[in-house]
1. For chain A, take the longest principal axis of its alpha carbons; what is the angle in degrees between that and the long axis of helix A:157-167, to the nearest 10 within 0 to 90?
2. Between segment A:143-211 and segment B:135-151, what is the separation of their alpha carbon centroids in Å?
3. Among the DSSP beta bridges whose two residues both lie in chain B, what percent are antiparallel, rounded to the nearest 5?
4. Under a cut-off of 25 Å between alpha-carbon atoms, report the lysines in cross-link reach of B:Lys226, not counting same-chain residues fewer than 8 places apart.
5. Send over the Kirkwood Rh of chain B, from the inverse of the averaged 1/r over different Cα pairs, rounded to one decimal Å.
6. For A:Leu128, A:Leu267, A:Leu160, A:Leu41, what's the fewest-to-most ordering of other Cβ within 10 Å of each Cβ?
7. Extension gain A:Ala299-A:Ser36, at 0.36 nm per residue separation less the Cα-Cα distance, in nm?
8. First measure r as the distance between the Cβ atoms of B:Gln10 and A:Asn158, then evaluate 1/(1 + (r/R0)^6) with R0 = 56 Å and state the FRET efficiency to the nearest 0.05.
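Bear in mind that the values in this text are calculations on the coordinates, not laboratory data. What you see is a predicted model, and the numbers here were worked out from it, not measured in a lab. Glycine gets a Cβ as well: all are built from the backbone with ideal geometry, and neighbour counts include every protein chain shown.
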Amino acid sequence: MSATAWVELHAPVGGDAPVLRAGGDWRIVNAGQLDSELTRLDVPGDRVVVDMAALESLDTAGAWLLYRTLKLFEAQHKKIALRGARNEHHAMLREVAANDSPCEIAPPQVNTVVRVVLAVGRATVDALRAGRDFVIFFGAAVVTFLRVLLQPRRLRWNSLVYQMEQVGFNALPIVGLIAFLIGVVLAYQGAVQLQRLGAEVFVVDLIAVSVLREVGILLTAIVVAGRSGSAFTAQIGSMKANEEVDALRTLGMDPMDILVLPRVLALVITLPMLAFFADMMGLLGGGLMAWVVLDISPAMFVERLRHAVTVWSFLVGIIKAPFFAVVIALVGCHEGLQVTGSAESVGSRTTRAVVEAIFLVIVLDAAFSIFFSVVGV
Amino acid sequence: MSAVAAAGGQVIIRVRGLHTVLGGHTIHQNLDLDVRRGEVLGVVGGSGTGKSVLLRTIVGLITPTAGTVQVFGQDFAQLSARERRAYEMRWGVLFQDGALFSSLTVAQNVEVPLREHLRLPRRLMDEIAGLKISMAGLPASSGAKFPSELSGGMRKRAGLARALALDPEIVFLDEPTAGLDPIGAAAFDDLIRALQQRLGLTVFMVTHDLDSLHKICDRIAVLAEKKVLLTGAMHDMLRHEHPWVRDYFHGPRARAAQIAPVETESRAHV
């Protein structure tokens, strides 16, 4: 299909003008080749004849090349005579001549320094604004919660139970598996180090304290942020993009009541349970590994466990769960409500929700660590 | 152009015995359709009759369950991916909202097919992009704009400029005037008609817009009962007895569309 196109220049004979002959398929598939041949062309004299009789086809790209060449001749003050052009070729030339309007391809690039300063400034303002919005949203959520406490009938029980199944029950396999595997890893790494000191049995302390105090809840919170925080943003965000949230408002229903509160409560209720489950699975994995690698029997493991931990080791972990739940759920819902029209913004908001939720969870965890060490548990 | 179509020009798209089943629903059953070179074919039908599915099947986005689709006399199911690409360069598709790549400017969008399929110097690509943007009726200043900065009508024009980038022989349009105000829709109709005539395009257009049907379509194909119920010019549609066809072409909106051009003409004479 890519038949050839050619252009040739016949040197002037005697007093005649030089003749530029164009022939073949002047279509876009040949445009690259024609472009380089035409730019190399050097036509002498102040007259030129352009012969188009051998032209088989001409599309807008070919016509553009021809038109551009004619324009160049004109700029060189040559007298141009067109020869042998068919009607449709004339029409095509007129078409491109009428649309000869070069345009900008990309927006102008600003200076790198200016751009960096601009980006930093914009990001700072955005971050401050996002912080303020989140505080406002947090306040609204608290008010909604208090209102529901006064009128429990306002709570959407169906939605609450459904969300609990989604974020709690359905998360059991993945949370359990990850906690179990981390228990295994901790036991194995601990065993390798402690064996050198002949203190293998302390691997139980290591597992118990780290899993119960930190690893169990932190891992659960991170998995849930990735799994449910993102789901909240995507669900509410697509509803927002589809104007469903506005529809709720016009029907006199408060999105805080209907969308946000059930999700927050569901996570507050289920995250401690998930964390407890993760604690147990972590201990199970660690215990199993201790049995296999260090020959610590399950009975010995339980015995050692009693010495190693107090009820506070366990509670310190679980107390953090509802706080993490509030952060994850509120960030997820808030980002969802920030979505504007496009599907693209659902995606970027979801990413932000997960990153922000995990970041805040870890900051909060650090704050809790300081707090607990001050009060001495 | 009507003369070409009426004379029974060469068939450029031939659909035979097309069956399409999507998600357990039969969309098309034994559907036949011919599109002739150089005509503007309007495809109409109620919601959910598979107009857009038909367009997507012809351009190869949906694989038919049975039947053949021939474009340029080639059965695309039989071709290798390489051969298919060569033929795909010879048509352009305008999706409903333009389907512009949002991370690229309008001019860069137009350059995408040029970059992908051809080896052209940068300067020539920029020139061709400017040419197509102007042909689609956009001001030169819109070249450096991102799709999100454009109105719906301008996005459609930019989509058309991209569809025309490789100088295609066939242009597929999916509801080109949907979502435009009447003035914008009429202007877009005019643009399609003008480009079709000047560039000798074959246009396959899915539409709901009775004004477009009256103004620019040489032939109309009605999709109903899972097949092409009838094809023909507007006067054939107006004579047909099928209840849906009668309701569609004789409803209150249809009458308004018939009257409208006459009114503007008489006003112009005053």
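1. Helix A:157-167 sits roughly 80 degrees off the main axis of chain A.
2. Each part's Cα centre sits 53 Å from the other's.
3. 55
4. Leaving aside lysines fewer than 8 places away in the same chain, those within reach of B:Lys226 are B:Lys51.
5. After inverting the pairwise mean of 1/r, the radius is 19.4 Å.
6. In increasing order of surrounding Cβ atoms, one gets A:Leu128, A:Leu41, A:Leu160, A:Leu267.
7. 86.2 nm
8. 0.35
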